[in-house]
Amino acid sequence: MPYAFSDASSTRERLGRIASNGGLFQEESEKLAEDFQSHHGGTAAEGAILLFVLRAKAKRSFALLKYDDETVVAYDLKDGSGGRKMVSLEAIQRTFVQNKAALQKAALIKLTDKGGELTVLDRRNQQKVAQYFEAFLGARQTLSDAELTKKLVDVTRKVIGDNPDLVDGEVVKELTKRTYDAASGGGKIDSEEQRSFLETVVGHKLADDNALLAKFNRALSVERISGVPMKLVPDQVKGPKTLYYKTANGIEIRVPHEFRALIEKTDDGMIIIHDKLVVETDDPN
């Protein structure tokens, strides 16, 4: 989820000191771990707070990760009597494993002159980051679920509208309605399931290498909501109000959605409006 630092964030101050003086990394990172423990309020699961300084060309950012310990059962085979193998088991604690569930909390942080930009993940509850983790970071969410839903709908409409050749004609024709209905259906979208919204709109599953899906994912990244979990709240999403037609000669027609039954489309692509004409005049516009 996108977050921003508050003015009183001690985490922002500690990261700022590290950015200014790399020699303070050890001292400040230990204090960050102490701050995390104090904000937890209870007994935190055993694990470790990891702080990374990341560089991409001239840009620097930070990654804060909270990993839980995982108990691992190790085994060893030894030769026994009669040529049989004997198995020796041993439980090893304080280990990290290649299991994404072990990563409980994460924050990707980019410091700015006005504070910083954060992307925060809480794996225990992807739609609502734990209050103690927000307090530890000293950060607030910058977008509500309603705003995130609108961004998701806007991205979907633009990607499909810009690439009508990648979907069925009915999808383009009913794009506003389909996206509105998908958002109005409610529910939650986890960080790894944003494609499900697009699939709902187009009406079928998409392959991992699908061209429309690739454009959709890039657009989410541009809007900084890629991988952002959300609860679908359609309060700011506009449903269909008019049907828009454009003829081969460039004539544009807009019909209120409630009068769509008055439009007839013939087999040869012509349209007929079944309504009585009440005004006919020239227009300077």
Asp168: more than 22 Å from Val228 (Cβ to Cβ) and either charged (D, E, K, R) or open to solvent by 60 Å² or more (accessible area, probe 1.4 Å) (or both), yes or no?
-> yes
Members of segment 31-55 that are open to solvent by less than 60 Å² (accessible area, probe 1.4 Å), of a type in the set (Gly, Ala, Ser) and not in a helix (DSSP H, G or I) | Gly42, Ala44, Ala45, Gly47, Ala48
Can you tell me which residue within segment 114-160, out of those that are open to solvent by 30 Å² or more (accessible area, probe 1.4 Å), in a strand (DSSP E or B) and under 22 Å from Phe216 (Cα atoms), is modelled with the lowest pLDDT?
-> Leu121
Taking only segment 1-30 into account, find how many residues are open to solvent by 20 Å² or more (accessible area, probe 1.4 Å) and either under 14 Å from Phe62 (Cβ atoms) or of a type in the set (Ser, Thr, Tyr) (or both).
-> 12
Count of segment 232-267 residues which are under 17 Å from Val172 (Cα atoms) and over 37 Å from the mean Cα position of the chain (by Cα) = 2
Inspect segment 184-199 for any residue being at pLDDT below 95 and among the β-branched types (Val, Ile, Thr) and give the result as yes or no.
-> yes
Run down Leu166, Leu175, Leu111 and say which single residue is modelled with pLDDT of 95 or more and out of contact with any strand residue (DSSP E or B) (no Cβ under 6 Å at 6 or more places or on another chain).
-> Leu166
Any chance Leu175 is among the hydrophobic types (A, V, I, L, M, F, W, C), over 12 Å from Val153 (Cβ atoms) and either out of contact with any Asp or Glu (no Cβ under 6 Å at 6 or more places or on another chain) or touching a residue at least 40 places away in the same chain (Cβ under 8 Å) (or both) | no
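The values are calculated or read from the model by the stated rules, or taken from the named source; none is laboratory data. Note that this is a predicted model, so its numbers are computed, not measured. Note that we place each Cβ from the backbone using ideal geometry, even for glycine, and neighbour counts take in every protein chain shown. Just so you know, the surface numbers come from the protein's heavy atoms only, side chains and all, with ligands and any DNA or RNA stripped out. Shrake-Rupley method; radii C 1.70, N 1.55, O 1.52, S 1.80 Å.
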